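S.K.: Here it is: the structure, laid out below.
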Amino acid sequence: MREYLLTLCVTAAVTYLLTGPVRKFAIVAGAMPEIRARDVHREPTPRLGGIAMFFGLCAGLLVADHLANLNQVFEKSNEPRALLSGAALIWLIGVLDDKFEIDALIKLGAQMIAAGVMVMQGLTILWLPIPGVGTVALTQWQGTLLTVALVVITINAVNFVDGLDGLAAGMVCIASAAFFMYAYRIWYSYGIEAAAPATLFAAVLMGMCVGFLPHNMHPARIFMGDSGSMLIGLVLAAGAISVTGQVDPDVMKLFSGSERNAVHQMVPVYIPLLMPLTIIAIPAADLILAIVRRTWRGQSPFAADRGHLHHRLLEIGHSHSRAVLIMYFWSALIAFGALAYSVNSASMSIVLGVVGLSAVGLVLLLLPRFTPRAPRWAEAFVPPRYRRRRAAPAPGAAEGAGSAEDAASAEAADDEPRAPVPVGVSGGPGVPGVNGATALGARSRVPRG
(Lines give C-alpha, C1' and ligand atoms only; values in the text may rest on other atoms or scores of the structure.)
Protein backbone atom coordinates (compact mmCIF):
# COMPACT_ATOMS: atom_id res chain seq x y z
CA MET A 1 0.00 0.00 0.00
CA ARG A 2 2.90 2.41 0.76
CA GLU A 3 4.24 2.00 -2.76
CA TYR A 4 0.82 2.67 -4.27
CA LEU A 5 0.49 5.82 -2.15
CA LEU A 6 3.99 6.94 -3.18
CA THR A 7 3.07 6.45 -6.85
CA LEU A 8 -0.13 8.42 -6.35
CA CYS A 9 1.69 11.30 -4.63
CA VAL A 10 4.41 11.51 -7.29
CA THR A 11 1.82 11.53 -10.07
CA ALA A 12 -0.19 14.23 -8.32
CA ALA A 13 2.89 16.37 -7.61
CA VAL A 14 4.19 16.23 -11.18
CA THR A 15 0.74 17.00 -12.60
CA TYR A 16 0.23 19.91 -10.21
CA LEU A 17 3.65 21.47 -10.79
CA LEU A 18 3.46 21.19 -14.57
CA THR A 19 -0.05 22.60 -14.95
CA GLY A 20 1.08 26.19 -14.37
CA PRO A 21 3.78 26.19 -17.09
CA VAL A 22 1.43 24.30 -19.41
CA ARG A 23 -1.18 27.03 -18.92
CA LYS A 24 1.27 29.71 -20.03
CA PHE A 25 2.30 27.57 -22.99
CA ALA A 26 -1.36 27.11 -24.01
CA ILE A 27 -1.89 30.87 -23.98
CA VAL A 28 1.23 31.50 -26.07
CA ALA A 29 0.25 28.72 -28.48
CA GLY A 30 -3.23 30.17 -28.89
CA ALA A 31 -5.05 27.16 -27.46
CA MET A 32 -7.60 29.48 -25.85
CA PRO A 33 -10.66 29.56 -28.14
CA GLU A 34 -13.45 32.07 -27.94
CA ILE A 35 -16.47 31.28 -25.82
CA ARG A 36 -19.12 29.23 -27.61
CA ALA A 37 -22.88 29.38 -27.12
CA ARG A 38 -22.91 26.11 -25.16
CA ASP A 39 -20.08 27.12 -22.79
CA VAL A 40 -20.79 28.00 -19.18
CA HIS A 41 -17.66 30.03 -18.44
CA ARG A 42 -17.58 33.74 -19.36
CA GLU A 43 -13.85 34.24 -19.83
CA PRO A 44 -11.67 32.65 -22.52
CA THR A 45 -9.70 29.96 -20.71
CA PRO A 46 -6.68 28.04 -22.02
CA ARG A 47 -6.89 24.32 -22.68
CA LEU A 48 -4.16 21.68 -23.03
CA GLY A 49 -4.28 20.69 -19.37
CA GLY A 50 -3.94 17.12 -20.60
CA ILE A 51 -0.25 17.76 -21.26
CA ALA A 52 0.47 18.00 -17.54
CA MET A 53 -1.75 14.99 -16.84
CA PHE A 54 0.09 12.86 -19.41
CA PHE A 55 3.49 13.68 -17.94
CA GLY A 56 2.06 12.91 -14.51
CA LEU A 57 1.03 9.49 -15.86
CA CYS A 58 4.54 8.90 -17.23
CA ALA A 59 6.12 9.93 -13.92
CA GLY A 60 3.85 7.63 -11.93
CA LEU A 61 4.60 4.61 -14.11
CA LEU A 62 8.32 5.41 -14.06
CA VAL A 63 8.40 5.56 -10.26
CA ALA A 64 6.37 2.36 -9.96
CA ASP A 65 8.82 0.57 -12.24
CA HIS A 66 11.65 1.33 -9.78
CA LEU A 67 9.83 0.22 -6.61
CA ALA A 68 10.55 -3.19 -5.14
CA ASN A 69 7.04 -4.66 -5.18
CA LEU A 70 5.40 -2.74 -8.03
CA ASN A 71 8.31 -3.61 -10.29
CA GLN A 72 6.83 -7.11 -10.44
CA VAL A 73 3.86 -5.69 -12.33
CA PHE A 74 6.14 -4.61 -15.18
CA GLU A 75 8.09 -7.87 -15.18
CA LYS A 76 5.10 -10.22 -15.19
CA SER A 77 2.71 -8.19 -17.33
CA ASN A 78 2.92 -6.09 -20.47
CA GLU A 79 -0.24 -4.13 -19.57
CA PRO A 80 1.53 -0.98 -18.25
CA ARG A 81 3.40 -0.64 -21.55
CA ALA A 82 0.18 -1.24 -23.46
CA LEU A 83 -1.52 1.49 -21.45
CA LEU A 84 1.32 3.94 -22.07
CA SER A 85 1.26 3.27 -25.82
CA GLY A 86 -2.50 3.80 -26.12
CA ALA A 87 -2.38 6.83 -23.82
CA ALA A 88 0.38 8.48 -25.88
CA LEU A 89 -1.63 8.09 -29.07
CA ILE A 90 -4.92 9.35 -27.67
CA TRP A 91 -3.13 12.21 -25.89
CA LEU A 92 -1.46 13.35 -29.12
CA ILE A 93 -4.81 13.41 -30.93
CA GLY A 94 -6.30 15.36 -28.03
CA VAL A 95 -3.55 17.97 -28.13
CA LEU A 96 -4.11 18.50 -31.85
CA ASP A 97 -7.85 18.77 -31.27
CA ASP A 98 -7.42 21.37 -28.51
CA LYS A 99 -5.44 23.49 -30.93
CA PHE A 100 -6.97 22.84 -34.35
CA GLU A 101 -10.48 21.38 -33.64
CA ILE A 102 -10.22 17.97 -35.33
CA ASP A 103 -13.34 16.43 -36.89
CA ALA A 104 -15.33 14.15 -34.58
CA LEU A 105 -15.08 11.13 -36.89
CA ILE A 106 -11.29 11.44 -36.97
CA LYS A 107 -11.21 11.45 -33.17
CA LEU A 108 -13.48 8.39 -33.10
CA GLY A 109 -11.12 6.57 -35.45
CA ALA A 110 -8.13 7.54 -33.29
CA GLN A 111 -9.89 6.18 -30.21
CA MET A 112 -10.42 2.84 -31.94
CA ILE A 113 -6.78 2.74 -33.05
CA ALA A 114 -5.58 3.49 -29.51
CA ALA A 115 -7.75 0.67 -28.18
CA GLY A 116 -6.39 -1.62 -30.90
CA VAL A 117 -2.81 -0.76 -29.93
CA MET A 118 -3.53 -1.82 -26.34
CA VAL A 119 -5.17 -5.05 -27.53
CA MET A 120 -2.13 -5.91 -29.67
CA GLN A 121 0.10 -5.62 -26.58
CA GLY A 122 -2.04 -7.86 -24.41
CA LEU A 123 -4.46 -5.49 -22.65
CA THR A 124 -7.69 -7.18 -23.69
CA ILE A 125 -10.66 -9.08 -22.31
CA LEU A 126 -9.97 -12.84 -22.39
CA TRP A 127 -13.08 -14.15 -20.65
CA LEU A 128 -16.28 -13.00 -18.99
CA PRO A 129 -17.91 -14.29 -15.78
CA ILE A 130 -21.61 -14.52 -16.66
CA PRO A 131 -24.17 -15.22 -13.88
CA GLY A 132 -25.86 -18.58 -14.28
CA VAL A 133 -23.39 -19.70 -16.93
CA GLY A 134 -19.95 -19.34 -15.39
CA THR A 135 -16.71 -18.23 -16.97
CA VAL A 136 -17.02 -17.91 -20.76
CA ALA A 137 -13.83 -17.77 -22.82
CA LEU A 138 -13.89 -15.27 -25.68
CA THR A 139 -12.38 -15.66 -29.10
CA GLN A 140 -9.74 -13.21 -30.22
CA TRP A 141 -12.20 -11.22 -32.32
CA GLN A 142 -14.84 -11.17 -29.59
CA GLY A 143 -12.34 -9.96 -27.01
CA THR A 144 -10.99 -7.31 -29.38
CA LEU A 145 -14.42 -5.93 -30.28
CA LEU A 146 -15.57 -5.87 -26.66
CA THR A 147 -12.35 -4.14 -25.56
CA VAL A 148 -12.54 -1.50 -28.28
CA ALA A 149 -16.22 -0.85 -27.52
CA LEU A 150 -15.56 -0.39 -23.78
CA VAL A 151 -12.65 1.97 -24.45
CA VAL A 152 -14.58 4.12 -26.92
CA ILE A 153 -17.69 4.31 -24.71
CA THR A 154 -15.69 5.26 -21.61
CA ILE A 155 -13.61 7.90 -23.41
CA ASN A 156 -16.66 9.61 -24.90
CA ALA A 157 -18.65 9.37 -21.67
CA VAL A 158 -15.91 11.21 -19.77
CA ASN A 159 -15.51 13.69 -22.63
CA PHE A 160 -19.23 14.49 -22.68
CA VAL A 161 -19.41 15.16 -18.94
CA ASP A 162 -16.47 17.61 -19.07
CA GLY A 163 -18.63 20.74 -19.09
CA LEU A 164 -18.17 22.43 -15.71
CA ASP A 165 -15.05 23.47 -13.80
CA GLY A 166 -13.65 20.46 -11.96
CA LEU A 167 -16.51 18.15 -12.92
CA ALA A 168 -14.81 15.50 -15.07
CA ALA A 169 -11.60 15.35 -12.99
CA GLY A 170 -13.55 15.09 -9.72
CA MET A 171 -15.96 12.42 -10.93
CA VAL A 172 -13.16 10.30 -12.41
CA CYS A 173 -11.16 10.72 -9.20
CA ILE A 174 -14.10 9.43 -7.14
CA ALA A 175 -14.63 6.52 -9.54
CA SER A 176 -10.95 5.60 -9.56
CA ALA A 177 -10.84 5.68 -5.74
CA ALA A 178 -13.68 3.13 -5.57
CA PHE A 179 -12.07 1.05 -8.28
CA PHE A 180 -8.71 1.13 -6.48
CA MET A 181 -10.30 -0.28 -3.31
CA TYR A 182 -12.02 -3.01 -5.30
CA ALA A 183 -8.92 -4.05 -7.29
CA TYR A 184 -6.65 -3.85 -4.22
CA ARG A 185 -9.02 -6.14 -2.31
CA ILE A 186 -8.85 -8.75 -5.08
CA TRP A 187 -5.07 -8.48 -5.25
CA TYR A 188 -4.40 -8.44 -1.49
CA SER A 189 -7.24 -10.53 -0.02
CA TYR A 190 -7.25 -13.28 -2.65
CA GLY A 191 -3.56 -13.04 -3.58
CA ILE A 192 -4.30 -12.69 -7.31
CA GLU A 193 -1.36 -11.00 -9.00
CA ALA A 194 -3.39 -10.41 -12.18
CA ALA A 195 -5.28 -7.63 -10.36
CA ALA A 196 -2.07 -5.68 -9.61
CA PRO A 197 -1.99 -3.76 -12.96
CA ALA A 198 -5.57 -2.53 -12.49
CA THR A 199 -4.71 -1.39 -8.96
CA LEU A 200 -1.69 0.52 -10.30
CA PHE A 201 -3.76 2.15 -13.06
CA ALA A 202 -6.34 3.32 -10.53
CA ALA A 203 -3.67 4.81 -8.23
CA VAL A 204 -2.02 6.68 -11.11
CA LEU A 205 -5.40 7.94 -12.35
CA MET A 206 -6.23 9.29 -8.89
CA GLY A 207 -2.92 11.14 -8.83
CA MET A 208 -3.55 12.71 -12.24
CA CYS A 209 -6.96 14.03 -11.16
CA VAL A 210 -5.86 15.17 -7.69
CA GLY A 211 -2.92 17.10 -9.14
CA PHE A 212 -5.03 18.82 -11.78
CA LEU A 213 -8.11 19.68 -9.68
CA PRO A 214 -6.59 22.68 -7.78
CA HIS A 215 -6.09 24.46 -11.12
CA ASN A 216 -9.46 23.39 -12.51
CA MET A 217 -11.87 24.15 -9.66
CA HIS A 218 -14.29 27.03 -10.18
CA PRO A 219 -13.24 29.53 -11.41
CA ALA A 220 -10.93 27.39 -13.53
CA ARG A 221 -7.61 28.82 -14.68
CA ILE A 222 -7.12 26.03 -17.23
CA PHE A 223 -9.22 23.30 -18.84
CA MET A 224 -8.00 19.76 -19.43
CA GLY A 225 -9.43 19.83 -22.96
CA ASP A 226 -9.83 16.69 -25.05
CA SER A 227 -6.17 15.91 -24.43
CA GLY A 228 -7.05 15.39 -20.78
CA SER A 229 -10.62 14.07 -20.88
CA MET A 230 -9.86 11.39 -23.48
CA LEU A 231 -6.67 10.47 -21.61
CA ILE A 232 -8.32 9.86 -18.23
CA GLY A 233 -11.18 8.07 -19.95
CA LEU A 234 -8.72 5.67 -21.58
CA VAL A 235 -6.88 5.01 -18.29
CA LEU A 236 -10.21 4.37 -16.54
CA ALA A 237 -11.24 1.91 -19.27
CA ALA A 238 -7.84 0.18 -19.16
CA GLY A 239 -8.22 -0.59 -15.46
CA ALA A 240 -11.71 -1.97 -15.97
CA ILE A 241 -10.56 -4.15 -18.89
CA SER A 242 -7.60 -5.47 -16.92
CA VAL A 243 -9.54 -6.60 -13.87
CA THR A 244 -12.56 -7.82 -15.85
CA GLY A 245 -10.92 -9.90 -18.53
CA GLN A 246 -7.60 -10.90 -16.95
CA VAL A 247 -8.59 -12.12 -13.46
CA ASP A 248 -9.69 -15.77 -13.53
CA PRO A 249 -12.67 -16.26 -11.16
CA ASP A 250 -11.71 -19.89 -10.56
CA VAL A 251 -8.56 -18.72 -8.76
CA MET A 252 -10.70 -17.20 -6.01
CA LYS A 253 -12.01 -20.68 -5.02
CA LEU A 254 -15.44 -19.43 -4.15
CA PHE A 255 -17.41 -22.58 -4.85
CA SER A 256 -17.21 -24.24 -1.43
CA GLY A 257 -20.04 -24.54 1.10
CA SER A 258 -23.77 -24.37 0.53
CA GLU A 259 -25.38 -23.07 -2.63
CA ARG A 260 -26.55 -19.90 -0.87
CA ASN A 261 -23.06 -19.14 0.44
CA ALA A 262 -21.62 -19.78 -3.00
CA VAL A 263 -24.02 -17.28 -4.53
CA HIS A 264 -23.03 -14.57 -2.03
CA GLN A 265 -19.34 -15.38 -2.41
CA MET A 266 -19.55 -15.13 -6.19
CA VAL A 267 -20.60 -11.47 -5.98
CA PRO A 268 -16.98 -10.20 -6.21
CA VAL A 269 -16.66 -12.20 -9.45
CA TYR A 270 -19.72 -10.62 -11.05
CA ILE A 271 -18.96 -7.12 -9.82
CA PRO A 272 -16.32 -6.58 -12.58
CA LEU A 273 -19.21 -6.72 -15.03
CA LEU A 274 -20.96 -3.93 -13.12
CA MET A 275 -18.09 -1.89 -11.69
CA PRO A 276 -16.98 -0.43 -15.06
CA LEU A 277 -20.60 0.61 -15.58
CA THR A 278 -21.11 2.02 -12.10
CA ILE A 279 -17.96 4.15 -12.15
CA ILE A 280 -19.12 5.82 -15.37
CA ALA A 281 -22.85 5.53 -14.71
CA ILE A 282 -23.47 9.29 -14.69
CA PRO A 283 -21.28 10.06 -17.75
CA ALA A 284 -22.71 7.05 -19.62
CA ALA A 285 -26.28 8.15 -18.90
CA ASP A 286 -25.41 11.64 -20.12
CA LEU A 287 -23.86 10.13 -23.27
CA ILE A 288 -26.93 8.02 -24.07
CA LEU A 289 -29.34 10.90 -23.44
CA ALA A 290 -27.26 13.21 -25.65
CA ILE A 291 -27.22 10.73 -28.54
CA VAL A 292 -30.98 10.13 -28.30
CA ARG A 293 -31.72 13.85 -27.97
CA ARG A 294 -29.60 14.91 -30.94
CA THR A 295 -30.75 12.05 -33.17
CA TRP A 296 -34.39 12.84 -32.37
CA ARG A 297 -33.79 16.42 -33.52
CA GLY A 298 -32.18 15.26 -36.74
CA GLN A 299 -28.71 16.38 -35.64
CA SER A 300 -25.41 14.57 -35.60
CA PRO A 301 -24.76 12.60 -32.36
CA PHE A 302 -21.52 14.60 -32.07
CA ALA A 303 -23.21 18.02 -32.39
CA ALA A 304 -22.66 20.13 -29.27
CA ASP A 305 -25.61 21.50 -27.30
CA ARG A 306 -26.60 22.69 -23.82
CA GLY A 307 -28.74 19.71 -22.87
CA HIS A 308 -26.25 17.79 -20.72
CA LEU A 309 -27.04 16.87 -17.13
CA HIS A 310 -24.84 19.63 -15.69
CA HIS A 311 -26.54 22.19 -17.93
CA ARG A 312 -29.94 21.06 -16.65
CA LEU A 313 -28.77 21.46 -13.06
CA LEU A 314 -27.84 25.06 -13.82
CA GLU A 315 -31.23 25.65 -15.46
CA ILE A 316 -33.04 24.31 -12.38
CA GLY A 317 -31.37 27.00 -10.32
CA HIS A 318 -28.24 25.44 -8.85
CA SER A 319 -25.06 27.46 -8.72
CA HIS A 320 -21.97 26.28 -10.58
CA SER A 321 -20.31 24.89 -7.45
CA ARG A 322 -23.46 23.23 -6.14
CA ALA A 323 -24.12 21.52 -9.50
CA VAL A 324 -20.60 20.07 -9.44
CA LEU A 325 -21.00 18.86 -5.84
CA ILE A 326 -24.32 17.19 -6.67
CA MET A 327 -22.69 15.31 -9.55
CA TYR A 328 -19.88 14.30 -7.17
CA PHE A 329 -22.46 13.02 -4.68
CA TRP A 330 -24.23 10.79 -7.22
CA SER A 331 -20.96 9.43 -8.60
CA ALA A 332 -19.74 8.53 -5.12
CA LEU A 333 -23.10 6.98 -4.18
CA ILE A 334 -23.18 4.69 -7.21
CA ALA A 335 -19.48 3.72 -7.20
CA PHE A 336 -19.04 3.17 -3.46
CA GLY A 337 -22.51 1.59 -3.18
CA ALA A 338 -21.47 -1.07 -5.67
CA LEU A 339 -18.16 -1.47 -3.85
CA ALA A 340 -19.88 -1.96 -0.47
CA TYR A 341 -22.29 -4.48 -1.99
CA SER A 342 -19.37 -6.49 -3.40
CA VAL A 343 -17.82 -6.71 0.06
CA ASN A 344 -21.00 -7.84 1.87
CA SER A 345 -23.89 -8.55 -0.45
CA ALA A 346 -25.98 -10.15 2.32
CA SER A 347 -26.20 -6.99 4.43
CA MET A 348 -29.57 -5.27 4.22
CA SER A 349 -28.12 -2.18 5.92
CA ILE A 350 -26.06 -1.45 2.78
CA VAL A 351 -29.17 -1.53 0.59
CA LEU A 352 -31.11 0.65 3.03
CA GLY A 353 -28.20 3.09 3.25
CA VAL A 354 -28.01 3.43 -0.53
CA VAL A 355 -31.78 3.97 -0.72
CA GLY A 356 -31.65 6.60 2.03
CA LEU A 357 -28.78 8.48 0.41
CA SER A 358 -30.59 8.34 -2.93
CA ALA A 359 -33.56 10.06 -1.31
CA VAL A 360 -31.21 12.74 0.04
CA GLY A 361 -29.76 13.17 -3.44
CA LEU A 362 -33.23 13.66 -4.94
CA VAL A 363 -33.99 16.34 -2.37
CA LEU A 364 -30.74 18.12 -3.22
CA LEU A 365 -31.58 17.96 -6.93
CA LEU A 366 -34.97 19.62 -6.44
CA LEU A 367 -33.91 22.05 -3.72
CA PRO A 368 -34.12 25.23 -5.88
CA ARG A 369 -37.74 24.39 -6.71
CA PHE A 370 -38.68 24.54 -3.05
CA THR A 371 -36.51 27.40 -1.79
CA PRO A 372 -38.54 29.08 0.96
CA ARG A 373 -38.63 32.78 1.75
CA ALA A 374 -38.21 33.69 5.36
CA PRO A 375 -40.57 36.25 6.98
CA ARG A 376 -39.30 39.77 7.53
CA TRP A 377 -38.63 39.30 11.23
CA ALA A 378 -36.42 36.21 10.60
CA GLU A 379 -34.32 37.55 7.72
CA ALA A 380 -31.44 38.47 10.01
CA PHE A 381 -31.00 34.81 10.99
CA VAL A 382 -31.01 33.10 7.57
CA PRO A 383 -28.61 33.14 4.57
CA PRO A 384 -29.15 35.90 1.97
CA ARG A 385 -30.68 33.55 -0.61
CA TYR A 386 -33.70 32.99 1.68
CA ARG A 387 -34.39 36.72 2.15
CA ARG A 388 -36.87 38.76 0.20
CA ARG A 389 -35.36 41.17 -2.29
CA ARG A 390 -35.58 44.87 -1.58
CA ALA A 391 -35.36 47.71 -4.04
CA ALA A 392 -32.38 50.06 -3.80
CA PRO A 393 -33.42 53.65 -2.90
CA ALA A 394 -33.31 56.16 -5.74
CA PRO A 395 -30.56 58.88 -5.59
CA GLY A 396 -31.69 61.84 -3.52
CA ALA A 397 -34.76 60.05 -2.20
CA ALA A 398 -35.41 59.28 1.41
CA GLU A 399 -34.16 55.98 2.77
CA GLY A 400 -36.67 53.20 2.27
CA ALA A 401 -38.71 55.17 -0.27
CA GLY A 402 -38.11 52.78 -3.22
CA SER A 403 -41.10 51.90 -5.35
CA ALA A 404 -42.38 48.50 -6.42
CA GLU A 405 -41.41 49.27 -9.99
CA ASP A 406 -37.79 49.78 -8.91
CA ALA A 407 -37.82 46.44 -7.12
CA ALA A 408 -39.21 44.66 -10.15
CA SER A 409 -36.64 46.22 -12.46
CA ALA A 410 -33.78 45.40 -10.09
CA GLU A 411 -34.88 41.78 -9.84
CA ALA A 412 -35.24 41.54 -13.61
CA ALA A 413 -31.75 42.96 -14.06
CA ASP A 414 -30.33 40.38 -11.66
CA ASP A 415 -32.03 37.52 -13.48
CA GLU A 416 -31.11 38.73 -16.98
CA PRO A 417 -28.42 36.48 -18.54
CA ARG A 418 -25.19 38.24 -19.29
CA ALA A 419 -23.50 37.77 -22.64
CA PRO A 420 -20.01 36.22 -22.53
CA VAL A 421 -17.04 38.43 -23.28
CA PRO A 422 -15.23 37.31 -26.47
CA VAL A 423 -11.49 37.42 -26.88
CA GLY A 424 -10.07 40.86 -27.51
CA VAL A 425 -13.42 42.67 -27.32
CA SER A 426 -13.83 45.53 -24.90
CA GLY A 427 -16.51 45.12 -22.31
CA GLY A 428 -17.59 48.74 -22.52
CA PRO A 429 -16.41 52.00 -21.00
CA GLY A 430 -13.92 51.32 -18.25
CA VAL A 431 -13.92 47.55 -18.87
CA PRO A 432 -10.76 46.22 -20.53
CA GLY A 433 -10.97 43.51 -23.15
CA VAL A 434 -10.13 39.94 -22.25
CA ASN A 435 -7.08 38.58 -24.02
CA GLY A 436 -4.10 36.34 -23.50
CA ALA A 437 -2.17 38.95 -21.54
CA THR A 438 -4.85 39.25 -18.87
CA ALA A 439 -5.00 35.46 -18.55
CA LEU A 440 -1.31 35.35 -17.62
CA GLY A 441 -1.73 37.50 -14.56
CA ALA A 442 -4.57 37.99 -12.13
CA ARG A 443 -8.03 37.01 -13.32
CA SER A 444 -9.85 39.96 -14.82
CA ARG A 445 -13.30 40.61 -13.42
CA VAL A 446 -16.11 42.10 -15.46
CA PRO A 447 -18.40 44.32 -13.33
CA ARG A 448 -21.83 42.82 -12.80
CA GLY A 449 -24.35 45.44 -13.74
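S.K.: Taking θ as phi - 60°, what are the ³J(HN,Hα) couplings along the range 137-150 by the Karplus curve (6.51, -1.76, 1.60), each to the nearest whole Hz, with x for Gly and Pro?
M.R.: 6, 9, 6, 4, 5, 5, x, 5, 5, 5, 5, 4, 4, 5
S.K.: List the residues, sorted by chain then number, that are 5 or more residues from T135 or on another chain and whose placed amide H is less than 5 Å from its amide H.
M.R.: I130
S.K.: Further, regarding this structure: Probe radius 1.4 Å, ligands and nucleic acids ignored: give me the carbon and sulfur share of the accessible area of the range 155-203 as a rounded percent.
M.R.: Working: 650 of 1120 Å².
Reported share for carbon and sulfur atoms: 58 percent.
S.K.: While we're on this one: Leaving out ligands, DNA and RNA, and with a 1.4 Å probe, what % of the accessible surface on the range 1-117 is carbon or sulfur? Walk me through the numbers before you get to the answer.
M.R.: Values: 3630 of 5400 Å².
That share works out to 67 percent.
S.K.: Karplus couplings for the range 154-167 from phi (6.51 cos²θ - 1.76 cosθ + 1.60, θ = phi - 60°), rounded to Hz, Gly and Pro as x?
M.R.: 5, 4, 6, 5, 5, 5, 5, 7, 7, x, 10, 4, x, 6
S.K.: What ranking, highest mean first, results for peptides 154-160, 235-241, 12-18, 2-8 when packing means the other Cβ atoms within 10 Å averaged over each residue? Kindly include the intermediate steps, with their values, before the conclusion.
M.R.: Numbers: 154-160: 26.1, 235-241: 28.7, 12-18: 20.7, 2-8: 17.4.
Result, highest mean Cβ count within 10 Å first: 235-241, 154-160, 12-18, 2-8.
S.K.: Also: Quick one: what are the phi-derived ³J(HN,Hα) couplings along the range 361-367, Karplus 6.51/-1.76/1.60 with θ = phi - 60°, whole Hz, x for glycine and proline?
M.R.: So the Karplus estimates, Gly and Pro as x, are x, 5, 5, 5, 4, 9, 4 Hz.
S.K.: Tell me the per residue accessible area of the range 1-130 using a 1.4 Å probe; a whole number in Å² is fine.
M.R.: Numbers: 5940 Å² over 130 residues.
So the range 1-130 comes to 46 Å² accessible per residue, rounded to a whole number.
S.K.: Any idea how far the Cα center of the range 82-132 sits from the one of the range 171-233, in Å?
M.R.: 17
S.K.: With Cβ to Cβ distances under 13 Å as the rule, what net charge do the other residues near N71 carry (K, R +1; D, E -1)? Can you show the working numbers first?
M.R.: On the way: positive: K76; negative: E3, D65, E75, E193.
Surrounding charge for N71 is -3.
The values are calculated or read from the model by the stated rules, or taken from the named source; none is laboratory data. Everything numeric in this text was worked out from a predicted model, so none of it was measured. When we count neighbours, we look across all protein chains shown, and the Cβ atoms used for this are built from the backbone with ideal geometry, even at glycine. Just the protein is used for accessible areas: all its heavy atoms, side chains included, with ligands, DNA and RNA removed. Shrake-Rupley method; radii C 1.70, N 1.55, O 1.52, S 1.80 Å.
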